[in-house]
Amino acid sequence: MGLPQVVSREQWVEARRQLLLREKELTRARDALNADRRRLPMVRIDKPYVFEAVSY
């Protein structure tokens, strides 16, 4: 892979704007996926369940 193309500032700003739109779209999709995960139904745990603390 070589170095990126050298372009004018205007071309760079437009390319950066397009990338920012894609980044925001990805962030919204990740946020929606995380929200779906939080809405998953729960499962009742019928057996005794104890957490053990680990100190460092």
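The values are calculated or read from the model by the stated rules, or taken from the named source; none is laboratory data. Here the structure is a predicted model, which is why all the values come from computation and not from measurement. When we count neighbours, we look across all protein chains shown, and the Cβ atoms used for this are built from the backbone with ideal geometry, even at glycine. Each accessible area value is taken on the protein alone, full model and side chains, heavy atoms only, with ligands, DNA and RNA left out. Shrake-Rupley method; radii C 1.70, N 1.55, O 1.52, S 1.80 Å.
Table for the structure above
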read-out	value
Identified option (computed Cα extents along the principal axes in Å; candidates (i) 66, 33, 20; (ii) 40, 26, 21; (iii) 44, 23, 18)	(i)
With DNA, RNA and ligands ignored, accessible area of residue 47 (1.4 Å probe; Å², nearest 10)	140 Å²
Crossing angle, helix 9-38 versus the chain [Cα axis fit, 0-90 degrees, rounded to tens]	10 degrees
Magnitude of the charge dipole, the chain, Cβ model with Lys/Arg +1 and Asp/Glu -1, debye to 20	160 debye
